[in-house]
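What follows is a single structure, written as structure tokens, with notes after it.
The values are calculated or read from the model by the stated rules, or taken from the named source; none is laboratory data. Just so it is clear, the structure is predicted and the values come from calculations on it, not from any experiment. Every residue, glycine as well, gets a Cβ built from its backbone with ideal geometry; the counts of neighbours run over all protein chains shown. In case anyone asks, the SASA skips ligands and DNA or RNA and just uses the protein heavy atoms, side chains included. Shrake-Rupley method; radii C 1.70, N 1.55, O 1.52, S 1.80 Å.
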Amino acid sequence: MKFVDEFRNPELAQVLSREIAQLCEPNRHYKIMEVCGGHTHTIYRYGVQDHLPENIELVHGPGCPVCVIPMGRVDDGIAIAERDNVILTCFGDMMRVPGGRGSFLEANARGTDIRMVYSPLDALRIARDNPDRQVVFYAIGFETTAPSTALTILRAEAEGIDNFSVFCNHVTIIPAIKAILDSPDLRLDAFIGPGHVSTVIGCRPYEWISRDFGLPLVCAGFEPLDLLQSVYMIMKQFTEGRAEVENQYSRVVSYDGNPVALKVLANVFALRPFFEWRGLGSIAHSALQVAPKFAKYDAELRFEIPGVRVADPKACQCGEVLKGVLKPWECKVFGTACTPETPIGTCMVSSEGACAAYYNFGQYAKQRLTLEVLS
Amino acid sequence: MTPDLRLAATQACDVTDGCITCGDVAVALTVLDVVGADARCRDELGREETVATELVGTVQAGDRVLVHAGVAIERLAAAATGG
Ligand code: SF4
């Protein structure tokens, strides 16, 4: 597949890696956060860190949609599914996220009907096929995924499908980045900006990061060379004394994003005053709820939701991992009590979670693909 | 039968590769034909899926789109790839 080889070419990787090393000031330590879990996955899968000088440290950020779901919201989903006649639908990784009362998979073993779907449109189809059941879509994800939920609500309305509703947990990336920058725990030098989120929101919403905090941000693609090139672009900004928002992924991301998707989002959703993020706590204006004019599709209004806050298990250090303060292997239960098969925390569930990515491709790696192997 | 991309994506959901939707992964697909607001699309491996196109405007056979969760979220230039 030529189209992929182009972005995994080992010679190009070496060239980039040499040029990055030349731009490094030897006595300076650089902390660059990749916000998006997809990037974390690529970094571990291909050992991108091995191609960087020791004083450039890649720090993993909060951009894994599954990882940031607090336990209480999992319990709320189970409470909905336990109602008579309800089919709850969700994306695959969500099935295994532990809540205070176990995961969706465990709830199914007790008799609920929670089904995995690939798209909210599949949930809508299930509603169409089961007119005598209530079908609820458990929506998670950043701005990449929120438009598909919004579009599904618009289609439900257009088709007059009334037995469909959405339990909305969509979150927005900018307030999470702000929370990290405001937190005293971590000093960062630059950001690798999310690729697919930026397809929707564009690059403009990040400009305050450069302007107010003086930090470079480069939106990056998901191939190993994309990441190396983004680090190169960041280092170049340092040496030239610039702090700007740049777009490495211009083959996909346009600087202004997708205006139609943004309009649909603004139409169907409203900002929540607050939303609790796992590990990061409550963040103002960081999540979406179904807008009042689409209230009939809001599962939080259709069903009684317990809405209890459930504290994370004591052993769990996901919060520190999500903020980039701890590396996955520094968590006390990593790889012992907490593994992808028996996750304690969310970061071990989704393959984009830093813990699962490191567990699967880090020192435990049976299948890490290095750029050399690919040659 | 043409392999179904959506089915493949659902089945691939495990601890190594994970759920592509949860992972914010988007895939580059080529439009085969258009039925109302939906388009039948194909990936590089010949797998097909039906995709909602309202967010990218009118598409026609041969167009390339970036797809996430069964919805096209952006148009791509002819040679571009997703990731
Ligand atoms: S090892 Fe498990 S509990 Fe510890 S931070 Fe990772 S996911 Fe959370």
Quiz item: Name the pairs whose Cβ atoms lie under 8 Å apart, with the first residue in the range A:304-319 and away from chain B (no Cβ under 14 Å) and outside any loop (DSSP other than H, G, I, E, B), the second open to solvent by 50 Å² or more (accessible area, probe 1.4 Å) and within 13 Å of the ligand (Cβ to nearest atom), and 6 or more positions between them or separate chains?
Solution: A:CYS318/A:ASP312; A:GLY319/A:ASP312
Quiz item: Which numbered condition trips up A:LEU181, out of (1) open to solvent by 20 Å² or more (accessible area, probe 1.4 Å); (2) under 18 Å from the mean Cα position of the chain (by Cα); (3) at pLDDT 95 or above?
Solution: (3)
Quiz item: Which members of the range A:124-156 meet the condition of being touching a residue at least 40 places away in the same chain (Cβ under 8 Å), away from chain B (no Cβ under 13 Å) and open to solvent by 10 Å² or more (accessible area, probe 1.4 Å)?
Solution: A:ASN130, A:ASP132, A:ARG133, A:GLN134
Quiz item: Which ranges mark the strands (runs of 3 or more DSSP E) fully within the range A:1-102 that have 3 or more residues being acidic (Asp, Glu)?
Solution: none
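Yes or no, residue by residue, for (1) of a type in the set (A, V, I, L, M, F, W, C); (2) more than 23 Å from A:GLU11 (Cα to Cα); (3) touching a helix residue (DSSP H, G or I) at 6+ places or on another chain (Cβ under 6 Å); (4) touching a residue at least 60 places away in the same chain (Cβ under 8 Å):
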position: A:LEU186; (1), (2), (3), (4): yes, yes, no, yes
position: A:ILE192; (1), (2), (3), (4): yes, no, yes, yes
position: A:THR199; (1), (2), (3), (4): no, yes, no, no
position: A:TYR206; (1), (2), (3), (4): no, yes, no, no
position: A:ASP212; (1), (2), (3), (4): no, yes, no, no
position: A:GLY221; (1), (2), (3), (4): no, no, yes, yes
position: A:PRO224; (1), (2), (3), (4): no, no, yes, yes
position: A:LYS236; (1), (2), (3), (4): no, no, no, yes
Quiz prompt | A:PHE222 being more than 27 Å from A:ALA79 (Cβ to Cβ) and either within 14 Å of chain B (Cβ to nearest Cβ) or in a helix (DSSP H, G or I) (or both) | solution = yes
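So in the range A:321-353, with the set limited to residues that are assigned to a helix (DSSP H, G or I) and more than 7 Å from the ligand (Cβ to nearest atom), which one is surrounded by the most Cβ atoms within 10 Å (Cβ to Cβ)?
The first filter runs over the range A:321-353 and keeps only residues assigned to a helix (DSSP H, G or I), leaving A:321-322, A:328-330, A:346-348.
With more than 7 Å from the ligand (Cβ to nearest atom) added as a condition, the list becomes A:322, A:329-330.
On the way: A:LEU322: 28, A:TRP329: 15, A:GLU330: 11.
If we take residues in the range A:321-353 being assigned to a helix (DSSP H, G or I) and more than 7 Å from the ligand (Cβ to nearest atom), then A:LEU322 is surrounded by the most Cβ atoms within 10 Å (Cβ to Cβ).
Checking the conditions here, which among A:PRO120, A:PRO53 is open to solvent by 10 Å² or more (accessible area, probe 1.4 Å) and within 28 Å of A:GLU34 (Cβ to Cβ)? Reasoning before the result, please.
Working: A:PRO120 fails: open to solvent by 10 Å² or more (accessible area, probe 1.4 Å).
On inspection, the qualifying residue turns out to be A:PRO53.
Could we say that A:VAL290 is open to solvent by less than 10 Å² (accessible area, probe 1.4 Å), modelled with pLDDT of 85 or more, within 14 Å of chain B (Cβ to nearest Cβ) and away from the ligand (no atom under 16 Å from the Cβ) here? Explain how you work it out, then say what you get.
On the way: open to solvent by less than 10 Å² (accessible area, probe 1.4 Å): yes; modelled with pLDDT of 85 or more: yes; within 14 Å of chain B (Cβ to nearest Cβ): no; away from the ligand (no atom under 16 Å from the Cβ): yes.
No.
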Quiz prompt | Yes/no for A:LEU280 being touching a residue at least 24 places away in the same chain (Cβ under 8 Å), within 16 Å of the ligand (Cβ to nearest atom) and open to solvent by less than 40 Å² (accessible area, probe 1.4 Å) | solution = yes
Quiz item: Would the range A:185-208 turn up any residue that is open to solvent by 10 Å² or more (accessible area, probe 1.4 Å), β-branched (Val, Ile, Thr) and more than 14 Å from chain B (Cβ to nearest Cβ)?
Solution: no
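Is it the case, given these coordinates, that A:MET94 is under 26 Å from A:SER148 (Cα atoms), crowded, with 21+ Cβ neighbours inside 10 Å and away from chain B (no Cβ under 14 Å)?
Numbers: under 26 Å from A:SER148 (Cα atoms): yes; crowded, with 21+ Cβ neighbours inside 10 Å: yes; away from chain B (no Cβ under 14 Å): no.
When the stated conditions are applied, A:MET94 does not pass them.
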